[in-house]
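The values are calculated or read from the model by the stated rules, or taken from the named source; none is laboratory data. Predicted, not measured: the structure shown is a model, and the values here were computed from it. Cβ atoms come from the backbone with ideal geometry, glycine included; neighbour counts cover every protein chain shown.
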Amino acid sequence: MKNRWIALAIIFMSFLQFTLNWFNIVPTFGSLAPEMQLTLPQVGVIVGVFIAGYGLAHIPGGMIAEAFGLRFAMLLGIAAETLGAVATAQAHSYEILLAGRFVCGVGGSIYIGSAIGLTMAWFRNHELATANGLITGVAFTVGAAIGIYAWGDVVAMYGWRMALLLGAGVGALTFVALLFLFPVPPDAGARDIGGARLDLAALKRTLGNRDLWILGISFMGAYGSYFTVASFLPTYAAEHFRLAPQVAGSLSVILLVSGIPGGILGGWLADKVFGAIPTIAGAWIIVSLALCSIPHVEFQGLQLAAATVGCVGMMGFVVWIAMPGFYRGIRIADIPTACGLMLTIVAVGGVVIPILYGKITVTYGYPIACASLGLISFVAGMCIFLVRRPDAGAAKYSRKVSAGSAIS
């Protein structure tokens with residue numbers, strides 16, 4: 001009992017460093033861009049190159065975990081993200097800076113699947129959705145908030161280079177904690193995370209799993225819509241209500257911070273009340289309605305819509321990303337590749353939906369564009385009912401979760 005909470009505490013801290021070193025580049029732009037004489041499009045590339053590395057390495061990261069073990073892959077990911085942060089901080093050319101951010105993204109991608117897998121190794125039979133909500137919901141969001149907001153004070157005090165190096169220091173400390181303090185999962189969990197299982201059969205059973213593909217498709221709409229709203233909602237509010245940029249920008253803060261209670265609540269609802277699939281489906285329905293409401297409310301209503309999308313969207317996400325752990329037919333060693341496949345699929349929505357939203361807005365206006373976001377999120381989300389019933393060791397999931405027969 002004690003060891004699994006020690007393990008979760010270390011994973012929680014490692015998630016904080018993961019998103020801290022993802023987002024702490026944002027408050028440096030005010031100093032970094034003038035020093036390196038960068039244009040706004042070049043600053044945008046700095047943001048995008050991390051996402052490129054993060055998106056490309058999900059499945060390769062899972063294969064590394066299969067071959068060498070989840071703990072090794074997690075350490076490798078933290079080391080790569082930390083070294084990428086150091087390279088970014090020391091960069092004296094734009095090209096080196098981009099290379100550093102790309103390595104950061106690759107490291108984060110390798111890290112995340114194995115971190116989720118190690119959580120499942122400890123909690124597969126005990127509050128799995130709750131534990132996953134604490135790391136992928138609360139820790140993820142808190143780390144991002146520290147990186148975007150609190151790190152602005154660090155930049156102001158020490159300069160952008162030292163601020164990034166301090167973020168790398170947090171990564172180094174979590175690397176040491178994982179290396180020396182992380183307890184070994186008991187019984188089958190310890191055997192299954194040891195690696196040396198990468199073969200054609202392992203890839204086939206993961207990449208050929210129909211439920212993983214359907215799970216990925218079910219979140220494409222809500223995933224893409226979340227990032228669309230995070231990017232464009234402040235602009236819409238500023239134009240529509242003639243607000244100051246700082247006031248309109250508060251919507252993004254609300255969207256992000258509301259994910260903290262959402263991460264806790266989603267895990268609890270899945271573990272204790274509704275079960276996994278009903279919790280996910282309910283979250284996608286509520287998010288769809290909130291998206292449709294955006295053009296029809298005043299600013300206070302926009303604040304509520306942003307909070308709803310952030311909170312309820314995170315409720316659904318933390319259960320969705322835990323789904324591979326609910327299937328006995330998916331080994332713990334396969335979970336990083338399984339999560340990598342799901343995240344790769346939803347990345348398509350993250351790319352396509354913001355572009356589609358922009359085109360619909362220009363052609364038909366905001367009401368049709370927001371309604372389209374809601375419709376896409378709803379239609380994709382209802383695919384969740386096509387996955388087969390989870391069978392993760394507890395009868396409550398068999399009783400509570402609807403759809404199909406148990407996975408073999």
Exercise. Could you tell me whether any residue of the range 390-406 is in a helix (DSSP H, G or I) and modelled with pLDDT of 80 or more?
Key: no
Practice problem: Please tell me if S258 is buried (at least 17 other Cβ atoms within 10 Å of the Cβ), modelled with pLDDT of 85 or more, farther than 16 Å from C370 by Cα and in contact with a helix residue (DSSP H, G or I) (Cβ under 6 Å, 6 or more places away or on another chain). | Solution: yes
Practice problem: Go over the candidates T308, T279 one by one and state the one that is touching a Leu at 6+ places or on another chain (Cβ under 6 Å), among the hydroxyl-bearing types (S, T, Y) and modelled with pLDDT of 85 or more. | Solution: T279
Quiz item: If only one of A33, A73, A67, A52 is under 17 Å from T119 (Cα atoms), in the same structural domain as F180 (by TED's automatic domain parsing) and part of a helix (DSSP H, G or I), which one is it?
Solution: A73
Quiz prompt | Evaluation of W284 against (1) within 18 Å of the chain's Cα centre (by Cα); (2) buried (at least 24 other Cβ atoms within 10 Å of the Cβ); (3) farther than 30 Å from I110 by Cβ (one fails), failing number | solution = (3)
Quiz item: Which condition does L38 not pass, out of (1) assigned to a helix (DSSP H, G or I); (2) aliphatic (A, V, I, L, M); (3) surrounded by fewer than 20 Cβ atoms within 10 Å (Cβ to Cβ), if it passes all the others?
Solution: (1)
Practice problem: Consider only pairs whose beta carbons are under 7 Å apart and that are at least six residues apart or on different chains; among these, list those whose first residue lies in the range 143-163 and is under 18 Å from P34 (Cα atoms) and whose second residue is hydroxyl-bearing (S, T, Y). | Solution: V155/T28; V155/S31; G159/S31; W160/T28; W160/S31; A163/T28
Exercise. Of all residues in the range 266-281, count the ones that are surrounded by fewer than 19 Cβ atoms within 10 Å (Cβ to Cβ) and part of a helix (DSSP H, G or I).
Key: 3
